[in-house]
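The values are calculated or read from the model by the stated rules, or taken from the named source; none is laboratory data. What you see is a predicted model; the values in this text were computed from it and never measured. Cβ: placed from backbone, ideal geometry, glycine included. Neighbour counts: every protein chain shown.
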Amino acid sequence: MRNSLVRPNSFVLLTAVWVLVVTFQERLSAADVVAGRTLPEWLAELQSPSSVARRRAVLSVGAFGKSAVTELTKALAHEDTVVRYWAASELGDLGDAAKSALEPLRMLHAETVLGVRIAAAYGLCRVGQVEEGLPTLLEGLKSDTRGVWNSSADFLARIGPSAKAAIPTLEVEGKRGADHIADICNEALRRIRGVDQPVPSKTANATQGDAAGGQANKKVATAAVFSKVFFDEDVSRFAKPTTKNKQPNVLWISAEDISPSLGCYGDSYAITPRLDQFASEGVRFTRCFTHAGVCAISRSGLITGMYPVSIGSQHMRSQIVLPPNVKAFSEYLRAAGYWTTNRSKTDYNFLPPKAAWDENSPQSRDWRGRAAGQPFFSVINLTTTHESQIRGKFGETLHDPAKAQLPPYIPDTPVTRRDWARYADLLTTLDQQVAAILDQLEADGLAQDTIVFFWGDHGQGLSRGKRWLYDSGTRTPLIIRWPGTLKPGSVSDDLVCFLDFAPTMLRLAGVELPSHLQGRVLPPIEKLKSADGSRPSAVGREYIFGHRDRMDETYDLIRSARDTRFKYLRNYAPRRPYAQNVTYMNQMPTMREWRRLNAEGQLSGATALHFRETKPVEELFDTEADPHEVVNLADRPEHAETLKRMRAALERWQEDVYDSGLIPEPLLVTPLER
């Protein structure tokens with residue numbers, strides 16, 4: 001697909017100037033390296049034929065800070081629209097140090113594409129030309145295009161007190177009330193007014209609903225046009241079973257916001273007897289990870305079998321149109337004869353395809369609505385452990401808060417211990433709900449004929465868990481019981497991820513795997529004998545990958561790679577602190593307690609790490625020696641080769657999946673250029 005963004009003719013002459021980048025090399029010291037490359041090396045990447053490499057390069061040039069103003073200024077004339085956007089944004093972040101870029105910013109501000117102009121307007125405002133740049137940001141704030149108003153409000157927040165003239169418009173736009181608009185406007189108002197503490201939002205509970213999740217962008221509200229009422233030719237072609245074997249029944253029991261905090265995973269604080277028993281009846285996966293530490297993004301990849309950054313659904317609370325060839329995998333199952341039901345979450349960041357489910361509601365009959373002898377695929381989603389339930393009103397806890405196992409990065413106070421005890425209580429309630437579902441399956445005479453998956457949609461809904469790419473946010477339980485086929489009480493230490501669920505389900509149903517799927521069949525199932533008696537060789541995965549982009553009203557840009565031992569994080573927005581405000585997250589008592597202690601100067605050691613003003617460009621953790629990921633090894637010489645290897649793996653993955661997260665959200669309303 002080609003990018004429809006237009007570059008004005010006035011920039012053609014300046015493009016030639018851009019190639020004169022070698023002059024900086026003489027004044028670069030050997031220590032000036034960002035993510036393994038010197039500034040001249042990153043500048044050379046800006047000429048790469050790969051759009052991913054170019055966009056990664058301009059963000060890396062920005063990480064050199066004030067010493068790269070000249071090079072960022074030249075990048076304002078780059079032929080890649082996205083490079084121009086990021087160059088303007090990075091210059092804006094440098095503020096007064098970027099005053100020499102004033103005239104090129106003015107030229108960029110003359111572009112016809114509003115998404116690019118708001119970045120130039122931000123740069124102008126930050127170098128003292130508020131009267132010039134502010135009208136464009138106010139225009140963007142009134143836009144019906146989701147990405148444009150998101151970014152306009154974010155830019156206004158970053159400008160701060162000098163954007164006081166924007167207050168009336170922000171107040172009006174914040175009253176829209178739906179989705180996270182109020183939250184992002186309130187954050188801008190808070191920072192413009194110089195208020196120390198976040199402004200409470202009356203709409204915070206609406207930002208992460210358990211149903212569809214967010215209102216559709218008016219620019220892409222025609223998503224239903226791409227969702228066929230029934231199966232199209234492509235789905236029917238793939239849906240033909242490739243084996244004459246009986247298609248198995250499959251039940252998914254999914255839980256929200258949980259890490260492997262279960263007795264069967266060695267958590268001595270947990271009281272989860274039925275799930276522990278269930279694990280003894282099936283395969284327990286020790287290294288299952290989602291690609292993003294939040295619900296809609298996790299489900300977006302899980303249901304399509306594709307990384308959200310490949311299809312543009314990486315931003316929390318967005319609504320995209322799926323590429324025409326990308327289907328919910330349950331569409332293939334349904335076309336192959338399955339009865340498919342979902343009770344009851346379709347939080348995908350796109351409208352649920354009408355062909356995906358026979359029944360899709362809290363009133364779903366699950367397997368009981370099928371025709372006699374029809375195979376079924378039923379999903380039952382349990383919201384008991386959701387983040388919002390931890391902070392709810394409750395009395396005494398079943399679990400003793402004094403015995404709660406706090407991670408070292410969380411301050412040890414009665415407030416934080418109570419949250420951890422409450423989380424453990426909810427897991428016990430979840431255990432009882434799972435027991436009831438399994439008992440019903442047994443009572444219906446289906447337990448021996450049904451493959452049951454139990455999994456969590458991402459890590460625990462506690463501070464520095466959910467939303468983050470640390471294991472606390474991305475590692476989840478996964479247990480599969482298949483009577484008579486998978487060995488009871490067995491353990492899989494393979495690296496597996498949510499992208500593997502779709503191909504695994506299609507393999508189980510005997511459906512041909514579409515070539516665009518980016519996951520693999522889960523190893524214990526891939527290793528089973530095929531219909532002709534042969535035993536396929538399952539090649540182990542070396543890495544799994546993750547991404548963090550906009551979380552509700554707050555932008556960030558982080559990528560991760562993990563092998564069986566090490567975790568590598570690449571922070572593409574290092575000037576953005578870890579502890580940015582997310583209104584919904586700030587309702588957690590632990591988060592409020594953490595912020596209070598930070599404001600009072602009472603944090604030290606690991607508990608203070610989350611409140612650093614900037615992030616390192618790279619982080620590397622040994623998850624065996626440091627399971628809570630608090631000791632960054634990226635600068636240690638003895639880990640240089642590991643760092644280099646993990647960095648290269650991540651960059652290859654970004655190229656392979658075409659990381660559209662490197663395209664700013666205001667420019668994602670057009671087709672993506674590959």
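I'm checking my understanding of the structure. Among residues of the stretch 117-170 that are among the aromatic types (Phe, Trp, Tyr) and modelled with pLDDT of 95 or more, which one is nearest to residue 665 (Cα to Cα)?
155
Of the residues 268, 259, only one is among the hydroxyl-bearing types (Ser, Thr, Tyr) and out of contact with any strand residue (DSSP E or B) (no Cβ under 8 Å at 6 or more places or on another chain); which?
After ruling out the rest, the residue left standing is 268.
Quick one: which of 296, 356, 270 is assigned to a loop (DSSP other than H, G, I, E, B), modelled with pLDDT of 95 or more, within 24 Å of residue 668 (Cβ to Cβ) and of a type outside the set (Val, Ile, Thr)?
356
Please go through (1) out of contact with any His (no Cβ under 9 Å at 6 or more places or on another chain); (2) surrounded by 13 or more Cβ atoms within 10 Å (Cβ to Cβ); (3) in contact (Cβ under 8 Å) with a residue 24 or more places away in the chain; (4) over 19 Å from residue 382 (Cβ atoms) for residue 421 and return the number of the only condition it doesn't satisfy.
The number of the failed condition is (1).
If the requirement is being under 30 Å from residue 52 (Cβ atoms) and in a loop (DSSP other than H, G, I, E, B), which of these qualifies: 351, 302?
351
Restricting attention to the stretch 540-591, report how many residues are outside any strand (DSSP E or B) and of a type in the set (A, V, I, L, M).
Counting residues in the stretch 540-591 that are outside any strand (DSSP E or B) and of a type in the set (A, V, I, L, M) gives 7.
Just to be sure I understand, how many residues within the stretch 248-271 are surrounded by 20 or more Cβ atoms within 10 Å (Cβ to Cβ) and more than 21 Å from residue 465 (Cα to Cα)?
Looking only at that region, the number is 4.
Check residue 327 against each of (1) over 21 Å from the mean Cα position of the chain (by Cα); (2) crowded, with 20+ Cβ neighbours inside 10 Å; (3) of a type in the set (Lys, Arg) and name the one condition it does not meet.
Against the list (1) over 21 Å from the mean Cα position of the chain (by Cα); (2) crowded, with 20+ Cβ neighbours inside 10 Å; (3) of a type in the set (Lys, Arg), residue 327 comes up short only on (1).
Give the residues of the stretch 240-267 that are small (Gly, Ala, Ser) and either under 21 Å from the mean Cα position of the chain (by Cα) or at pLDDT below 95 (or both), sorted by residue number.
In the first step, residues of the stretch 240-267 are kept if they are small (Gly, Ala, Ser); the result is 254-255, 259, 261, 263, 266.
Answer for the stretch 240-267, where residues must be small (Gly, Ala, Ser) and either under 21 Å from the mean Cα position of the chain (by Cα) or at pLDDT below 95 (or both): 254, 255, 259.
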